[in-house]
1. So how exposed is A:Lys265, as accessible area in Å² (1.4 Å probe, rounded to 10)?
2. What does the accessible area of A:Leu211 come to, in Å² to the nearest 10, when a probe of 1.4 Å is used?
3. Considering the convex hull of the alpha carbon atoms of region A:35-152, report its projected area averaged over all viewing directions, in nm², one decimal.
4. Mind listing the label-point distances from B:Ala356 to the same position on all other copies, shortest first, one decimal in nm, points 7 Å along Cα→Cβ?
5. How far apart are the A:Gln213 label points across copies, placing each 7 Å from Cα toward Cβ, in nm, shortest first?
6. With every protein chain present, what is the per residue accessible area of region A:110-191 (1.4 Å probe, Å²)?
7. List, shortest first and in nm to one decimal, how far the label point of A:Gly268 (7 Å from Cα along Cα→Cβ) is from its counterparts in the other copies.
8. Could you list which residues have their amide H under 5 Å from that of B:Asp75, counting only those 5 or more apart in sequence or on another chain, with H placed in the peptide plane?
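The values are calculated or read from the model by the stated rules, or taken from the named source; none is laboratory data. This structure is a prediction, so every number in the text was calculated from the model and none was measured. Methodologically, a virtual Cβ is constructed for each residue, glycine included, from the backbone with ideal geometry; neighbour enumeration extends over all protein chains shown. These area figures cover heavy atoms from the full protein model, side chains too; ligands, DNA and RNA do not enter into them. Shrake-Rupley method; radii C 1.70, N 1.55, O 1.52, S 1.80 Å.
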Protein chains: 2
Amino acid sequence: MASADSNTLPRAPGDGDGVVISVDAMGGDRGPATVVAGMAESAGKNPGIRFIVHGPQAELERLIARRGDLAGRCDIRDAAGVVTMDDKPSQVLRKGEGTSMWSTLESVRQGEATAAVSCGNTGALMALSMLRLRKLPGVNRPAIACLWPSRNPQGFNVMLDVGADIRADAQDLLTYALMGASYARNGFGLERPRVGLLNVGTEEHKGRPELKQAHELIPTTAQAANFDYVGFVEGGDLPSARVDVIVTDGFTGNVALKTGEGTAKLVGELLKEAFGKSVMSKFAALLAMGSLKRLQKRIDPRRINGGVFLGLNGTVVKSHGSADATGVSAAIKLAFRLAQSGFQDRLAARVAQSVAAAGQINGSKESEAS
Amino acid sequence: MASADSNTLPRAPGDGDGVVISVDAMGGDRGPATVVAGMAESAGKNPGIRFIVHGPQAELERLIARRGDLAGRCDIRDAAGVVTMDDKPSQVLRKGEGTSMWSTLESVRQGEATAAVSCGNTGALMALSMLRLRKLPGVNRPAIACLWPSRNPQGFNVMLDVGADIRADAQDLLTYALMGASYARNGFGLERPRVGLLNVGTEEHKGRPELKQAHELIPTTAQAANFDYVGFVEGGDLPSARVDVIVTDGFTGNVALKTGEGTAKLVGELLKEAFGKSVMSKFAALLAMGSLKRLQKRIDPRRINGGVFLGLNGTVVKSHGSADATGVSAAIKLAFRLAQSGFQDRLAARVAQSVAAAGQINGSKESEAS
């Protein structure tokens, strides 16, 4: 697992050049060749990127040798075990040592890499991340943040949690607001992100008790944490320009994410059918090719591939299991961008500050009461 | 409110010809002219339909007089009050008497009409429906069922609850399964609807406790209630062909519904932009007009307009507040179809049967235990 004799050892970030990303070559639906192709695509575009890659050494050596862009920029860590999509998180926690996923996280834990990327089993990756990287002080439930195509200038919104935990109380939702705002600021350069809380209506009297509590809590930290709280938002606001970060529990977020993906896919397929119907419409599709390509690019899930695990001691980016090379490259780019921005330290500081502030508020309330 | 001197009094259903639909002319975003236009559209297509219309008498008389299709088929009930979109349900419960919405439900309560249609405030309509029509015996939480474009032969799936109640326990979810299956059978002629339970994964170990309980409960009644239980489904299955009825709580369902609508709208707008970009793509759009129109019709929310309130002593169809005449006509057609099929009695019988069966099971368990 730890044989590091091939290629050059990547330098740690801060060495002057290069950010090191730890990549799990296994566990995706398309196998390691696709992951290595994605790494090459990403390396070609970002000269400052270096990799530690985890998986079966011989196979990875062969795949990497074919890619000129990767020459001298990869360190391979041999790992024979693979976490499959069917493995239960509880099994992986017990028997996961020796897998490429475990090894990928280990590089972040040891400080050799700044961020990890995996196409593998989401539940297992989150469980292992919590076990090995541990939660940030002050974070009760980590979250998975995804990107959502929107009418905003940046082209998408951030939504969290989309599936780390099916529950979230008011305090968790507040933490999600902080983490989501920090992610939007560091990942996409939004100085003062606008945060909304997902509900079934925008009126104050609507929603579950924990939502009403969070609706009271979140504004109290918005000023200090440098974001704007826009209040309740609805499902229809997910692609809207009135919000940058959408906060919800992992059950609702996961259903919304998959519903949106499913709807976009259905419309896309029906559109393709419509254009294939007659000679005239086929000709029309040919004429409109440029416009349709632009549209496709705008809503292409591969371009915004990458769920980010927030609230851990380390940045972990989960790529879609079915991602192709372009998708993997997008996930790596996201990890690279977050690593470059010093996101991890800023996020940790933000959460710590908020915990301290909450402690002060509680403390002063107690002393008032006493 | 009860002046019935204009036009002919519609005969009650079963009189030989005609099904009577009670229509709230007020409360929609586009006013009574649009509702009356929708009634006329619907009357033109369905000779067997008759109406009781509720709203300001003089205005309605004027609007109806203009529509030849409605001659002699409408009874007007004068109601000066209007429930607005901003009225809180609790206010409407206290002060709603004298409004067109109240009067609309009254006609169903009195047995003069078989089903009610309103474009008004959803929360108020549900609250008033529960107050005036009362819940069916055996139903704890009524639900709102909506239609969702899908790859199924019927062109859509049924989802419930999409917003009647933000909570649902396992027993409620079972009731939703029964009611949804009954709706799909009577509304769309599906002999043995396939019912799925919305969750964050299809594996048995996933999801909230009430979902796991419902997952055990629902199959026990599927055989007797004449539907197939396909197990857990995900957000991506909402438009899929592997299920006809999707059961969820009103919070999740509402977010999913609005997310799907929002996504479809975004894609549609981006598509329009794409086709407007260049002379060539404008020309292409012209050529593909027929195909695009067909696609638009397929996913047109107006065609599948109408949330049905299930679990009450009477059928209530909620039209979109922003519905145009075509949308109103679709909602009326849905009400007409359900009324014709004897849906209300069948649904009540189905729920009663299930309650009795559950009682027997509990009873026999108790006697086994004793």
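1. 130 Å²
2. About 10 Å², rounded to the nearest 10.
3. Over every viewing direction, the Cα hull of region A:35-152 projects on average to 9.5 nm².
4. 6.9
5. 2.1
6. The answer is 30 Å² per residue.
7. Here the equivalent label points are 2.0 nm apart from this one.
8. Placed amide hydrogens put B:Phe51, B:Ile52, B:Val53 under 5 Å from B:Asp75.
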